[in-house]
Amino acid sequence: MHWEWKNCPAPWAGQYTRGSAKPTIVLEAVASHDLWIWHAFFGCPGTLNDINVLDRSPVFDDILQGRAPPVSYYVNGRKYKLAYYLTDGIYPKWATFMPTIKDPPDPKSSLYAAFQEHYRKDVERAFGVLQARFAIVKNPALFWDKEKVGKIMRACIILHNMIVEDERMDTLLSMYLNSSKEEEALHKWIIRSLRIWIQL
């Protein structure tokens, strides 16, 4: 996402200005289907493309340092323990990136491409919701100081995630209240786990 920087200092304007003729600052984010923003990297000049932003990004630092959340899933009977990221075609062909299939040759590939493109839009939805919730992010940044602009963006992302977390708890509680006896134990465990996780 490019956030327009209205009061960008004149000496920096060329570095932050791309085709739109207005200076912007880039926000790189990783979001899940429930709009939770798992990773945010903010501050790159608007002239950089996705590859250059990725090159500067700490998105894989948590994985390399062993601090990433545990992930476990199966594909075609094989267990995987590292996360993957849905991307478009511009990203490098790394094992962690899952691009779409251009011109799928068969129905199975078409189905994969449709689902991949659908779920890849989660981050776009997260950007849209972030901008809808916080007018300060929707409108151009008015501060001169890039550090203050960065703090505003981080605060909005933290507040956004708090709202998503609160909505998640409401959904779980409503599921618990409307569930059958068989599901009750599972919902209690989920709620207890979430409360422990929130306290951490």
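Yes or no, residue by residue, for (1) in contact with a Gly (Cβ under 6 Å, 6 or more places away or on another chain); (2) more than 15 Å from THR96 (Cα to Cα):
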site	(1), (2)
TRP38	no, yes
PHE42	yes, yes
PRO45	no, yes
ASN49	no, yes
SER72	no, no
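Can you confirm whether ARG125 is among the basic types (Lys, Arg), assigned to a helix (DSSP H, G or I) and within 24 Å of ASN161 (Cα to Cα)?
Yes; evaluated as a whole, the condition is true for this residue.
Pick from region 119-171 the residues that are open to solvent by 80 Å² or more (accessible area, probe 1.4 Å) and of a type in the set (Asp, Glu): which of them is farthest from ASP88 (Cα to Cα)?
Applying the filter and picking the extreme gives ASP170.
I'm checking my understanding of the structure. Among residues of region 1-12 that are open to solvent by 20 Å² or more (accessible area, probe 1.4 Å) and not in a loop (DSSP other than H, G, I, E, B), which one is nearest to LEU86 (Cα to Cα)?
Among those residues, the one meeting the criterion is HIS2.
Restricting to region 13-52, name every residue that is touching a residue at least 60 places away in the same chain (Cβ under 8 Å), out of contact with any Cys (no Cβ under 9 Å at 6 or more places or on another chain) and either more than 23 Å from ALA83 (Cβ to Cβ) or assigned to a helix (DSSP H, G or I) (or both).
GLY43
Scan region 86-104 and report the pairs whose first residue is closer than 16 Å to ILE63 by Cβ and whose second residue is not in a strand (DSSP E or B), with Cβ atoms within less than 6 Å and a gap of 6+ or a chain change.
Close Cβ pairs satisfying both conditions: THR96/TYR84; PHE97/TYR91; MET98/TYR84.
Being over 18 Å from ARG56 (Cβ atoms) and in contact with a helix residue (DSSP H, G or I) (Cβ under 6 Å, 6 or more places away or on another chain) is the filter here, so list the residues in region 1-22 that pass it.
Across region 1-22, the qualifying residue is only CYS8.
Return the residues of region 60-108 that are open to solvent by less than 60 Å² (accessible area, probe 1.4 Å), part of a loop (DSSP other than H, G, I, E, B) and farther than 24 Å from ASP50 by Cα; say none if nothing qualifies.
VAL71, PRO104
The values are calculated or read from the model by the stated rules, or taken from the named source; none is laboratory data. Treat the numbers as computed from the prediction; the structure is a model and nothing was measured. Using ideal geometry, Cβ is built from the backbone for each residue, glycine included, and neighbour counts are taken over all protein chains shown. Just the protein is used for accessible areas: all its heavy atoms, side chains included, with ligands, DNA and RNA removed. Shrake-Rupley method; radii C 1.70, N 1.55, O 1.52, S 1.80 Å.
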